[in-house]
Amino acid sequence: MLFTSERRLDDGVLEREFTLDEIPGVLWTPGSVSTPAPLILMGHPGGLDMMYPRLAARARHAVGEGFAAATIELPGSGVRPRFAATEQARADLRRALEAGKPVDDEIIDRLVLPLVESAVPEWQAALDALLALPVIGGPVGFSGGVISIGIRLAVADSRISAALLFAGSFVPRSMLDEARRVTIPLQVLLQWDDEWNDRHMALDLFDAFGSPEKTLHANMGGHTGVPEFEGDAGNRFFARHLK
């Protein structure tokens, strides 16, 4: 892990950009640390430059409650090389949505499954490097999307102790089987009128999760209409399970 920039934000949060094997990332930590902070990994749909304002707001909110927060760029997004097959699947998805047609499972599989296969090992490598820093300790939570990445990471890495998953992306049906193997505490956030999500699949997915403790927060509105109070609800969820 190579830190490439550092700045102190107006609320005292320390923000540091880094690269890890040429993967860009950002780490936010409390301005003064007496003990290592629990870590929240901040998931997103890709494109750090575009997503930065929302990610930074989420991270600073979490840091204000005593957590550290970090994110990395997804494969094929931002400044990283594009994958031709993924770009074609994304174009096919967009055409189906614009035409008001059902989205075929085959399109979803082509779009999401290769991303999960590539992204999860990178998240694990980032977690290795982050937990080696003196300002960060366990336990670890995952917050955000792509929800299929969060599912696979929760199954594959026992260091993830709790997850706040955003049901804002299409989900391959094969992920239902993996969801049954998720047993950590979950809070799932669903926008009821999300134009980029299959609501019925999201509900089937929630039902499939094997976690003894799982909570669904469903709010009216589209993809970007998440109420501000959900940030507080997320911090309370992580406070229960990471502190």
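So which of Ala154, Ala162, Ala179 ends up being buried (at least 16 other Cβ atoms within 10 Å of the Cβ), farther than 20 Å from Gly225 by Cβ, in contact (Cβ under 8 Å) with a residue 40 or more places away in the chain and out of contact with any Asp or Glu (no Cβ under 7 Å at 6 or more places or on another chain)? Working first, answer last.
Numbers: Ala154 fails: in contact (Cβ under 8 Å) with a residue 40 or more places away in the chain; Ala179 fails: in contact (Cβ under 8 Å) with a residue 40 or more places away in the chain.
After applying the criteria, what remains is Ala162.
If Met50 meets every condition in (1) part of a helix (DSSP H, G or I); (2) under 20 Å from Ser118 (Cβ atoms); (3) touching a residue at least 40 places away in the same chain (Cβ under 8 Å); (4) among the aliphatic types (A, V, I, L, M) apart from one, which number is that one?
Of (1) part of a helix (DSSP H, G or I); (2) under 20 Å from Ser118 (Cβ atoms); (3) touching a residue at least 40 places away in the same chain (Cβ under 8 Å); (4) among the aliphatic types (A, V, I, L, M), only one is false for Met50: (3).
Quick check: anything in the stretch 147-155 modelled with pLDDT of 95 or more, touching a strand residue (DSSP E or B) at 6+ places or on another chain (Cβ under 8 Å), hydrophobic (A, V, I, L, M, F, W, C) and more than 20 Å from Ala202 (Cβ to Cβ)?
Taking the stretch 147-155 first, the residues modelled with pLDDT of 95 or more are 147-155.
This time we only want the ones that are touching a strand residue (DSSP E or B) at 6+ places or on another chain (Cβ under 8 Å), so: 147, 150-151, 153-154.
Now restrict to residues that are hydrophobic (A, V, I, L, M, F, W, C): 147, 151, 153-154.
Narrowing the set further to residues that are more than 20 Å from Ala202 (Cβ to Cβ) leaves none.
No, the stretch 147-155 contains no residue that is modelled with pLDDT of 95 or more, touching a strand residue (DSSP E or B) at 6+ places or on another chain (Cβ under 8 Å), hydrophobic (A, V, I, L, M, F, W, C) and more than 20 Å from Ala202 (Cβ to Cβ).
Scan Glu87, Glu117 and give me the residue that is farther than 22 Å from Leu2 by Cα, of a type outside the set (Ser, Thr, Tyr) and out of contact with any helix residue (DSSP H, G or I) (no Cβ under 9 Å at 6 or more places or on another chain). Steps first, answer last, please.
Working: Glu117 fails: out of contact with any helix residue (DSSP H, G or I) (no Cβ under 9 Å at 6 or more places or on another chain).
Checking each option against the conditions leaves just Glu87.
Does the stretch 141-148 contain at least one residue that is over 16 Å from Leu242 (Cα atoms), in contact with a Gly (Cβ under 8 Å, 6 or more places away or on another chain) and assigned to a helix (DSSP H, G or I)?
Taking every residue of the stretch 141-148 in turn, at least one turns out to be over 16 Å from Leu242 (Cα atoms), in contact with a Gly (Cβ under 8 Å, 6 or more places away or on another chain) and assigned to a helix (DSSP H, G or I).
Of all residues in the stretch 58-85, which are in a helix (DSSP H, G or I) and either over 19 Å from the mean Cα position of the chain (by Cα) or among the charged types (D, E, K, R) (or both)?
The first filter runs over the stretch 58-85 and keeps only residues in a helix (DSSP H, G or I), leaving 58-63, 84-85.
Residues satisfying the conditions are Arg58, Arg60, Ala84, Ala85.
Considering the stretch 182-195 alone, what residues qualify as being surrounded by 20 or more Cβ atoms within 10 Å (Cβ to Cβ) and of a type in the set (D, E, K, R)?
Asp194
Search the stretch 76-98 for residues that are under 24 Å from Pro24 (Cβ atoms) and pair each with any residue that is in a helix (DSSP H, G or I) and basic (Lys, Arg) when their beta-carbon atoms are under 8 Å apart and the residues are at least 6 apart or on different chains.
Short answer, once both residue conditions are applied: Ala85/Arg110; Thr86/Arg110; Ala89/Arg110.
So which residues in the stretch 184-202 are in a helix (DSSP H, G or I) and closer than 26 Å to Arg159 by Cα, if there are any at all?
Residues of the stretch 184-202 in a helix (DSSP H, G or I): 199-202.
Of everything in the stretch 184-202, just one residue is in a helix (DSSP H, G or I) and closer than 26 Å to Arg159 by Cα, namely Ala202.
The values are calculated or read from the model by the stated rules, or taken from the named source; none is laboratory data. Keep in mind that what you see is a predicted model, and the values were worked out from it rather than measured. Glycine gets a Cβ as well: all are built from the backbone with ideal geometry, and neighbour counts include every protein chain shown.
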